[in-house]
Amino acid sequence: MRRIWRPVVDRIAPYDPGRPLEALASDLGRRDLVRLSANESPLGPSPHVVEAIVREASRVHLYPDGGSTTLREALGARLGVAPAQIVVGNGADELLAIIGWAALEPEDEVIIPQPSFEPYTTVVELMGAQAVPSPLAKYETDLDDMVRRLTARTKAVVLCSPHNPAGTIIRRAPLTAFLDALGNDAPLIILDEAYCDFCEDPEYPDGIALLAHYPRLILLRTFSKIAGLAGLRVGYTVATADVAERLNRVRAPYNVNRLGQVAAIAALEDRVHWDRTRDVVIREREFLSRELSRRGFGFPPSQANFLLVQVPKASAVLQRLLRAGIIVRDGAAVGFPEHLRIAVGDHAANVRLLEALA
Ligand SMILES: Cc1ncc(COP(=O)(O)O)c(C=O)c1O
């Protein structure tokens, strides 16, 4: 028999994003469903984004700018880096795969906090490399444990800050100590900052500033969360121009679609909406945290747009919330049994959640 599929594919558990929102609404027969399971924006996109998409819609027969040039220029100006340091992808998800294609060989090891965002491990395993899990210290990334797991075969270390699903951050001093400990011939450090815009802890490090000192650092960011563009799939890496040049060699020629590019540019231009989203999330995160604590729920303090809440009999509570029209993420599915991961919604959604939890 001809062997068609790579054996590693048998070992990959498909990512389970849950039923599509529209299908679930029709199953439950309710139009007022609130999805708090996918860490989406409670405000949605800026109206300027919607206008930009409408303007661009009649041009979708034309291939997009393969290098996302205008978007990289806008991002470079915002972040204070050269556009050549930026690679844009079809969501941060795609960039993880691109890094894998460019860097990982069989026998390489990649240290990954455990639990964490599942696609890290999937990419590593698909490349035939070995994922080396580094258990969290309760809810915190354990950098000492990661250092202990370094070997000559370590090709990359993945850090996620704020961490998904814990919501915790890696503070400036421990992060720089960790980066220093990696030395001059460090592995790649993939610092996933998908939720960085929701951080207000003064000890949250400025990833961009670190790039000047640590050339093996790759920052991973996305327009899905702060800019509310999850449905368009636009993410980016910031790294040295050398790293970006390597990643550009392996990505697909037109990896970011036209609507995504114009939408991301419009999102960057509408600073008011960007800041309002941040303010609403931070304010509502405080509200939810206060009200959940008052009701006796425990959770690590979150710097992201979600909370990982300890809930006894979490699956039963999840079903009860679902019947009330509120979708949350079962912690068991993301490595935290007896927890629910709950995105910060708008005020009305958060009030509904608290009532349904009561
Ligand atoms: C930590 C983390 N990284 C990356 C992503 C993927 O972002 P994108 O929607 O840009 O693919 C997510 C999405 O939820 C995430 O939680």
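No value in this document is a laboratory result; all are computed from the given coordinates. Remember, it's a predicted structure, so these values are computed and weren't measured experimentally. As a convention, Cβ positions derive from the backbone with ideal geometry for all residues, glycine included, and neighbour counts pool all protein chains shown.
For the reader, a short list of remarks on this structure follows.
- Most mobile listed residue (159, 340, 321) in the chain, GNM with C-alpha springs under 10 Å: 321
- Dipole magnitude of the chain, debye to nearest 20 (Cβ charges: Lys/Arg +1, Asp/Glu -1, about Cα centre): 800 debye
- Seen through its C-alpha gyration tensor, with square-root eigenvalues sorted a ≥ b ≥ c, the range 88-145 comes out oblate because a/c lies at 1.5 or above while a/b is not bigger than b/c.
- For the range 191-197, backbone phi angles converted through the Karplus equation (6.51, -1.76, 1.60; θ = phi - 60°) give residue-by-residue couplings of 9, 7, 10, 3, 10, 4, 5 Hz, Gly and Pro being listed as x.
- Expected 222 nm ellipticity per residue - DSSP helices of 4 or more, -39500 (n - 2.57), all of the chain, to 500: -12000 deg cm²/dmol
- When only alpha carbons are used to place a centre, the range 284-358 and the range 129-148 end up 26 Å from one another.
- Global geometry of the chain, whether rounded, prolate or oblate, following the gyration tensor of its Cα atoms and the 1.5 cut on a/c: rounded
- For the chain, share of DSSP beta bridges that run antiparallel, in % to the nearest 5: 45 percent
- Under 5 Å from the amide H of residue 218 lie the amide H atoms of 189, 190, 191, each residue being 5 or more positions distant or on a separate chain, with H modelled from the backbone and absent for Pro and chain starts.
- Highest-fluctuation residue, 144, 27, 275 considered, GNM on the chain with Cα pairs under 10 Å: 27
- Residues residue 177 and residue 27, FRET efficiency given R0 of 35 Å [Cβ-Cβ distance, rounded to 0.05]: 0.10
- Selected from 305, 184, 164 as most flexible by GNM, with the chain as the system and alpha-carbon contacts under 10 Å: 184
- From phi via Karplus (6.51, -1.76, 1.60), per-residue ³J(HN,Hα) for the range 330-342 in Hz, x at Gly/Pro: 5, x, 4, 6, 10, x, 10, x, 6, 9, 10, 9, 10
- Short-range pairs are left out: with C-alpha atoms under 8 Å and at least six residues apart, the relative contact order of the range 1-98 is 11 percent.
- Each label was represented as a point 7 Å from its Cα along the Cα-to-Cβ direction; for residue 1 and residue 209 these points are 5.9 nm apart.
- Our coupling estimate for the range 161-167, obtained by passing each phi through the Karplus curve with A = 6.51, B = -1.76, C = 1.60 and θ = phi - 60°, is 8, x, 7, 9, x, 6, x Hz, Gly and Pro reported as x.
- Sequence-distant residues sharing a close amide H with residue 307 (under 5 Å, placed H): 342, 343, 344
- Low-density loop cleavage sites - trypsin sites (Lys or Arg not before Pro) in the range 229-300, where at most 11 other Cβ are within 10 Å (DSSP): 295
- Relative contact order (%) - criterion: Cα under 8 Å, at least six apart; region: the chain: 24 percent
- Global form of the range 167-295, assessed from the alpha-carbon gyration tensor, a/c cut-off 1.5: oblate
- Amide proton proximity set for residue 224, modelled H, under 5 Å, gap of 5+: 229, 234
- With R₀ fixed at 51 Å, the C-beta to C-beta distance from residue 283 to residue 245 puts the FRET efficiency at about 0.80.
- Nitroxide proxy distance, nm - points 7 Å out along Cα→Cβ at residue 185 and residue 9: 3.7 nm
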